[in-house]
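The values are calculated or read from the model by the stated rules, or taken from the named source; none is laboratory data. Please read these numbers as outputs of a predicted model, since none were measured by experiment. Heads up, the Cβs are rebuilt from the backbone with ideal geometry, glycines too, and the neighbour counts pull from every protein chain shown.
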Amino acid sequence: MAQPGFWDNPDRAQETVGQLKSLRSVVVPLKKAIDSADDLDGLLQMVDEDSDLESDVRGELDRLEQAVGELELQALLNGPHDGAGALLSINARDGGTDAHDWAEMLLRMYSMWAQKNDYSIELLDRSDNEVAGINSATIAVRGPMAYGYLKGETGIHRLVRISPFNAEGKRQTSFAAVDVAPEISDTVEIEIRDEDVREDTFRASGAGGQHVNKTSSAIRLTHMPSGIVVQCQNDRSQHKNRSQAYKMLRARLARLEEEKREAEQAQKYQSQARTGFGAQIRSYFLHPDQRIKDARTGYGETNFHSIMDGDIQGFLDAVLRWRVGQDASRSSTSA
């Protein structure tokens, strides 16, 4: 990074900076833990001479155990793309207006989580619903291990509440689909043949008032062999939207290959992989009581509004541990 000309290619430079952040996120806490262990040895020798230091030793031991636990959790992020940024898409599903509102609530939840973890967020695509909420949206979340943490969020998220859009105050169940793909570097080879991609241009949807709805700057790409459809309309430039759409397509294709490998492994060990849009992974309740329950891990929380404000790390960590348990179970079955 100190070499002359490092910033001549801003995209490549930013990629290198991101790699450095990912490495530091592991190396710096590891070094601190090792240094703390050395300091603890010194405290243990001193406590024999001064019993008043026993409380200090207990406090330092608790802190060190917590730090090591966090490092062990990070060690679970060992997938081929876990260190990459994440392209997170949300689509409203069944539930009418409530589903569109629910999709926007999830968009805010993930954005808040990213902000609390000092990750950068870029809105790549957003389609607002005419009544409330959104039809769909895609954001890029960039930071150390963003994809590794978020990939377990792929699936159906269900909300049960008293509908604010129902004059009779009836309970409504609504659904939104979340899909997470790794933001693939240009150096990673993902074959996309021109003849396999259909490109459509259309006018961007939005509040209007500027160039929005006036020029056909939005891009939609359809990858015929896989059926994957991506679109980008966030930039005024059709060229930039096309470039970003191809990045999104490459990410989705990389995720597709990852899912194929997971499915093959699951089939090999006679276990059904629970990934993709077909799996209802989590339920969120506001009525009759507040609770959130993950169907895979059994992990739950009771503070609905805290979760909506981005405090979802407990769910992300639980999924990481659950995945390791699934892998261990498959290995023992194989043996």
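In the list Ala132, Ala114, Ala137, which residue meets the criterion of being assigned to a helix (DSSP H, G or I), at pLDDT 90 or above and either surrounded by 15 or more Cβ atoms within 10 Å (Cβ to Cβ) or aliphatic (A, V, I, L, M) (or both)?
Just a single option satisfies the conditions, and that option is Ala114.
Specify which of the listed residues (Leu320, Leu286) is surrounded by 15 or more Cβ atoms within 10 Å (Cβ to Cβ), at pLDDT 85 or above, touching a Lys or Arg at 6+ places or on another chain (Cβ under 9 Å) and aliphatic (A, V, I, L, M).
Testing whether each residue is surrounded by 15 or more Cβ atoms within 10 Å (Cβ to Cβ), at pLDDT 85 or above, touching a Lys or Arg at 6+ places or on another chain (Cβ under 9 Å) and aliphatic (A, V, I, L, M) leaves just Leu286.
If a residue has to be buried (at least 19 other Cβ atoms within 10 Å of the Cβ), touching a Lys or Arg at 6+ places or on another chain (Cβ under 7 Å) and assigned to a strand (DSSP E or B) to count, how many in the range 163-174 make the cut?
Filtering the range 163-174 for residues buried (at least 19 other Cβ atoms within 10 Å of the Cβ) gives 163, 172, 174.
If we keep only those that are touching a Lys or Arg at 6+ places or on another chain (Cβ under 7 Å) as well, we get 163, 172.
Still in the list and also assigned to a strand (DSSP E or B): 172.
Total satisfying the criteria: 1.
Only one of these conditions is not met by Glu54: (1) without any contact (Cβ under 8 Å) to a residue 12 or more places away in the chain; (2) of a type in the set (D, E, K, R); (3) in a strand (DSSP E or B). Which number is it?
Among (1) without any contact (Cβ under 8 Å) to a residue 12 or more places away in the chain; (2) of a type in the set (D, E, K, R); (3) in a strand (DSSP E or B), Glu54 violates only (3).
If you check every pair at least six apart or on different chains, which have Cβ atoms under 9 Å apart with a residue in the range 246-258 that is in the same structural domain as Thr154 (by TED's automatic domain parsing) first and a residue that is among the small types (Gly, Ala, Ser) and at pLDDT below 85 second?
Glu258/Gly79
Is there a residue being closer than 29 Å to Trp113 by Cα, in contact (Cβ under 8 Å) with a residue 40 or more places away in the chain, out of contact with any strand residue (DSSP E or B) (no Cβ under 8 Å at 6 or more places or on another chain) and not small (Gly, Ala, Ser) anywhere in the range 85-98?
yes
Confirm whether Glu65 is of a type outside the set (Ser, Thr, Tyr), free of Cβ contacts under 8 Å to residues at least 60 places away in the same chain, within 22 Å of Ala318 (Cβ to Cβ) and not assigned by TED's automatic domain parsing to the domain that holds Glu258.
Judged against the criteria, Glu65 is a match.
Residue-by-condition table, conditions (1) surrounded by 16 or more Cβ atoms within 10 Å (Cβ to Cβ); (2) modelled with pLDDT under 90:
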site: Gly227; (1), (2): no, yes
site: Ala254; (1), (2): yes, yes
site: Gln267; (1), (2): no, yes
site: Thr275; (1), (2): yes, yes
site: Gly310; (1), (2): yes, no
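Looking at this structure, is Ile184 at pLDDT below 90, surrounded by 16 or more Cβ atoms within 10 Å (Cβ to Cβ), within 30 Å of Arg12 (Cβ to Cβ) and among the β-branched types (Val, Ile, Thr)? Steps first, answer last, please.
Details: at pLDDT below 90: yes; surrounded by 16 or more Cβ atoms within 10 Å (Cβ to Cβ): yes; within 30 Å of Arg12 (Cβ to Cβ): yes; among the β-branched types (Val, Ile, Thr): yes.
Yes, satisfied.
Exactly one condition in (1) more than 11 Å from the chain's Cα centre (by Cα); (2) not in a strand (DSSP E or B) is false for Val160; which is it?
That leaves (2) as the condition not met.
Do you know which of the residues in the range 58-93 that are of a type in the set (Gly, Ala, Ser) and surrounded by 14 or more Cβ atoms within 10 Å (Cβ to Cβ) is nearest to Ser22 (Cα to Cα)?
Gly83
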